[in-house]
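A short reminder: the numbers here are calculations on the coordinates, not readings from a lab. Everything numeric in this text was worked out from a predicted model, so none of it was measured. With ideal geometry, Cβ positions are generated from the backbone for all residues, glycine too; neighbour counts draw on all protein chains shown.
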């Protein structure tokens, strides 16, 4: 079977097609049976299969150096995507964490010179060698899509991982740019307004037990954003005129706001179903700040970030 059949495409995952790489490692899927029994949806079991195996193999790779860096990164991106698909299928954070812990424990129990491990590793190489050379990937979510692009330019700023957003008449591109994968929000305002700063607001995973999804289908992405008292706020470190190559489609001018590297990690830890808020802050004649809010879906941000590596 050609390696493309094993590509970790999120749209195929949601249709329930099994893309995981079968191995003959004894007991490999023992934990999957217990996990799948607690999930009613077949899609959840399929995604859990993928998450278990990819977590197992990434853990074994970290200990035994099984793969070349490109293949290891491709496998890790697929693991992150399977994790997001498992959560979207209805599994809880606790179930996912338990499944990942069992996969890591299984990987830790196998000697690095194990014949079964060598067989599994060879099948991973066959499946992901081609995938590791791909330059672009699309990660569709429930409401929005991330576009990932491994190509970089030494002279022209480009998006490496990006998601567009519209808020009112204004437009924004958000994501990672450049060789350093800096997190940027690039906004164009229909009335040529100029905010003096921007803030990224994400759920604080240390102070909350899970995402706020009580009203997932209401009021768009705003319904999936955590309340302010349960969030972390990252202020923009810089503000500058946006390069034309980073502007939202159809915009002629805009501003680029760069957020600290900690914000990238914070977004990566969120549930794929929830949203992050970008606040653009303006001064007013009354001296009271005015705020315009844009939203991005977390989706497969972590998978796209791993793909870039």
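Which length gain, in nm to one decimal place, applies between residue 152 and residue 249 when the Cα-Cα distance is subtracted from 0.36 nm times their residue separation?
Working: separation 97, 0.36 × 97 = 34.92 nm, distance 1.95 nm.
Value of the extension gain: 33.0 nm.
Centre-to-centre, using Cα atoms only, region 294-308 and region 83-154 are separated by 15 Å.
With the simple spin-label model, which puts each label point 7 Å out from Cα in the Cβ direction, the residue 281 to residue 237 separation comes to 1.8 nm. Here the contact order of region 191-292, divided by its residue count and restricted to Cα pairs under 8 Å and six or more residues apart, works out to 38 percent.
Rounded if a/c is under 1.5, else prolate if a/b is larger than b/c, else oblate: which is region 168-309, with a ≥ b ≥ c the root eigenvalues of its Cα gyration tensor? Working shown, then result.
Numbers: a/c = 1.66, a/b = 1.23, b/c = 1.35.
Note, shape of region 168-309 comes out oblate.
Normalised by the number of residues in region 139-308, the average gap of Cα pairs under 8 Å and 6 or more apart makes the relative contact order 28 percent.
Taking every alpha-carbon pair in region 174-249 and binning the separations at 10 Å intervals from zero gives 15, 36, 35, 14, 0 percent. Here each label is just a point 7 Å from Cα along the line to Cβ, and for residue 119 and residue 208 those points are 4.5 nm apart.
With both labels modelled 7 Å from their Cα along Cα-to-Cβ, the residue 129 to residue 62 distance reads 2.7 nm.
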